1. Identify all aspartates and glutamates with a Cα-Cα distance to K110 below 19 Å; exclude those on the same chain that are fewer than 8 residues away in sequence.
2. Setting aside same-chain residues fewer than 8 positions from K77, which lysines have a Cα under 18 Å from its Cα?
3. Of the options I386, I370, L404, report the single residue whose Cα projects farthest towards the positive end of the charge dipole of segment 368-407 (beta-carbon charges: Lys, Arg +1; Asp, Glu -1).
4. Under a point-charge model restricted to the Cβ atoms of Lys and Arg (+1) and Asp and Glu (-1), what is the dipole moment magnitude of the chain relative to its Cα centre, in debye to the nearest 20?
5. Mean residue ellipticity at 222 nm from the helices of the chain, using -39,500 (n - 2.57) per DSSP H segment of n ≥ 4 over the full residue count, to the nearest 500 deg cm²/dmol?
6. Over the heavy atoms of K202, what accessible area does a 1.4 Å probe trace out, to the nearest 10 Å²?
7. What whole number of Å gives the distance from the Cα centroid of segment 132-174 to the Cα centroid of segment 34-88?
8. If DNA, RNA and ligands are ignored and the probe is 1.4 Å, what is the ranking of W83, W190 by accessible area, most exposed first?
Amino acid sequence: MGKKGQYFVVEIERQTFSGAAVARINRYVVFVPGGVPGDKLRIRLVERKENYGVGKIVEVIEPSPYRVEPVCPHFPKCGSCSWQMMRYDAQLREKEAILKEFFEEKGLPKDTILPIEGMDLPWHYRNKAIYPLKRLKGKVLMGFYERNTHKIVDVEDCPIQYPKINLVASKARGLISKERITIYDEVRHWGKLRYMVVKGSKRTNEYLLTLVVKDTAISRSFARKFMGIDDSIVGVVEDINPKKGNTIFGPEYRTVEGRGYYIESFAGKKFRVSALSFFQTNVEQAEKLVKRIRETFEDDVGLMMDGYSGVGLFAITLADLAKRIVGVEESRSAYFDAVDNARRNDQMNVEFINAKVESVIGGIKAEVLILDPPRRGLDSSVISAIADVRPHRIFYISCNPKALVRDLDALLSFGYKIDFVQPFDFFPHTPQIETLVKLSA
Ligand SMILES: C[S@@+](CC[C@H](N)C(=O)[O-])C[C@H]1O[C@@H](n2cnc3c(N)ncnc32)[C@H](O)[C@@H]1O
């Protein structure tokens, strides 16, 4: 094998979950960011490790039939969408193949994996944008980070965000530029405004603006100016994050003007979503997922538990399928939204507990479980509690195939079997995969 800095001609074989494509120099694996399966490329070896290397594309000698011109002028600098150079049908195929590989590595039955559900129009699907800010030579930069750096790529018009989010963010940036507010500098840990978050609903045309500040408060008169930039803004929230480091939100927040939440319309129900509450970023695909659960639900369920329930999305949209539903959510903000959402939708058989799933699951004794954990997957104590309680059915929703196969492996060892695995594309143009798995005892 050659040395770092040397040039090679390679053919791209496949994509990976990390976003980089795989090629081989003899049997040595090289990850090539920006490669598309079927490409013949000249690359320079920029990293040479014992087991693998990293190659930088120097020339596309023969493009793959799946290679397309990226829509976004900020590709590949912006770290948000690393697959924009690949045709959408090829993206879907690669995601399916990646999921199958995760299953194969763990010895799980990959014939349970159904074809991935993609989007008809895979653009402008995101309902939330988190913008880091920076002042550079008097100009306010707003956008997204370059991959693995804290350098901001200045983005005015992001093709995966809702157009209204782009518009609101651009108007807000205009206002920030005019006002004398200082912008946070992470090196000096100085300045006020750290991030701006815009999220909302295309369906109700309600958008919420959250300003993350280092310590000092936002004045009401300043917040009122933000309210005035677009009719769709329903509230301005401030979140205080005094800590150094990468965490975006601090624990303290308050509504400065308007309301601290927006309303989303989802699967025929209305949901209040507060500034710090989780909500699915792709509502169109999330509705397909809920529909799939509904279609494959069993009859006559007494007690269902919705673990990691957020603002009550699954508990409330599926409330008619069980006599009683208990949602469990750790975040206070999401829990309060969920309680309000149950009332808002007249769902009297749904209740919520503000707790960690691991601390209450053993006592709930649900017949059907819905589990939609964060990226790290299920805590080992949750897995042991499932082994004790033995619900008949489990619907496991995962955004991280690595954690998913680890947890499935454990659940299968207690005698559960996989009914089906349905991947969904919630995040077109990125390697992210959302998966619904139905298990039976
Ligand atoms: C992927 S989100 C799913 C939310 C909801 N199911 C939905 O679709 O909108 C995960 C949720 O789990 C919550 N969470 C994280 N760790 C938790 C834990 N140990 N116990 C309960 N909730 C937790 C987070 O606050 C977040 O709301």
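The values are calculated or read from the model by the stated rules, or taken from the named source; none is laboratory data. This is a predicted model, so every value here is computed, not measured. Here the Cβ is made from the backbone with ideal geometry for all residues, glycine too, and neighbour counts use every protein chain on show. Each accessible area value is taken on the protein alone, full model and side chains, heavy atoms only, with ligands, DNA and RNA left out. Shrake-Rupley method; radii C 1.70, N 1.55, O 1.52, S 1.80 Å.
1. Correct list for K110: E94, E96, E101, D407, D409, D419, D425, E434.
2. Answer for K77, where 18 Å is the Cα cut-off: K56, K134, K151, listed by chain and number.
3. Most positive-ward Cα: L404.
4. 1860 debye
5. After summing the helix terms and dividing by the residues of the chain, the value is -7500 deg cm²/dmol.
6. 120 Å²
7. Taking the Cα centre of segment 132-174 as reference, the centre of segment 34-88 is 24 Å away.
8. My answer, sorted largest first, is W190, W83.
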